[in-house]
Amino acid sequence: MSDEIVFYTNPMSRGRIIRWMLEEVGRPYRTVVLDWATNANKSPEYLAVNPMGKVPAIVHGDTVVTECAAICAYLADVFPETKLAPPHGSRLRGPYYRWLFFGAGPIEQAVAFGALQIDVPEERRAMVGFGSMADVLNTLEGALEGREYLVGDSFTAADLYIGAHLSWGMDFGTIEKRPVYEAYVARLMARPAEKRASEIDDGLIAAAQAQPA
């Protein structure tokens, strides 16, 4: 069975999160860039990988994984030598999963509702998983206060995923800038793997923009 990792992405997408994760893992991978202009993400070939027609996705041998949090968790587990997740059996797996899926759940939902200018009335907040943006931001701020990382004393895939969301959100104004967030993101963005990943994706964007119309 092939052990090749094939990475489906577009540099102007959440695929940037997985590019960073792959660079942290440090294993060879092949990138397939799907062009929005040609609807390559809706081609029969790609829909066979992800029927949602969304990126990112990875194919590792005969294993298909979609959804950013799931891809991060999978890669951390398949390559345990990277120490991007607490060891199996460790109680630190609890907070690791908690924050990884806090990013995939409450943060994603709160940002999406905010971007769509959907205001959830206070009496109906129990109906949505994130409650309110204030609840989400205050909870995350409390978790990061006085800490370098979210889980234990080392960087994990949960930091990568949450940090990517905070960085993007603060840059685009969908997440309020707070000193704790800014200091946390600055530490994470200084990682060599993140710098490599950003350089690759920024280069792909520049190359696409240089193409004649």
Strands (runs of 3 or more DSSP E) within the range 1-92 that include 1 or more residues small (Gly, Ala, Ser), touching a residue at least 24 places away in the same chain (Cβ under 8 Å) and buried (at least 21 other Cβ atoms within 10 Å of the Cβ):
57-60
Which one is modelled with the lowest pLDDT among residues in the range 123-153 that are among the β-branched types (Val, Ile, Thr) and assigned to a loop (DSSP other than H, G, I, E, B)?
Val128
Has the range 106-122 got any residue that is in contact with a Leu (Cβ under 6 Å, 6 or more places away or on another chain), surrounded by fewer than 16 Cβ atoms within 10 Å (Cβ to Cβ) and not acidic (Asp, Glu)?
no
I need every pair where a residue in the range 184-211 that is touching a residue at least 60 places away in the same chain (Cβ under 8 Å) has its Cβ under 7 Å from the Cβ of a residue that is surrounded by 12 or more Cβ atoms within 10 Å (Cβ to Cβ) and not in a helix (DSSP H, G or I), sequence separation at least 6 or different chains.
Asp201/Pro11; Leu204/Pro11; Leu204/Val33; Ile205/Pro11; Ile205/Met12
Criterion first (over 20 Å from Val25 (Cα atoms), under 16 Å from the mean Cα position of the chain (by Cα) and not acidic (Asp, Glu)) does Thr139 satisfy it?
no
Does Leu204 fit the bill of being in the same structural domain as Arg14 (by TED's automatic domain parsing), surrounded by 13 or more Cβ atoms within 10 Å (Cβ to Cβ) and of a type in the set (A, V, I, L, M)?
yes
Checked Val185, Val120 against criteria (among the β-branched types (Val, Ile, Thr), in a helix (DSSP H, G or I) and out of contact with any His (no Cβ under 9 Å at 6 or more places or on another chain)); the one match is Val185
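The values are calculated or read from the model by the stated rules, or taken from the named source; none is laboratory data. The structure displayed is predicted, hence computed values, not measured ones. Note: ideal-geometry Cβ built from the backbone for every residue, glycine included; neighbour counts use all protein chains shown.
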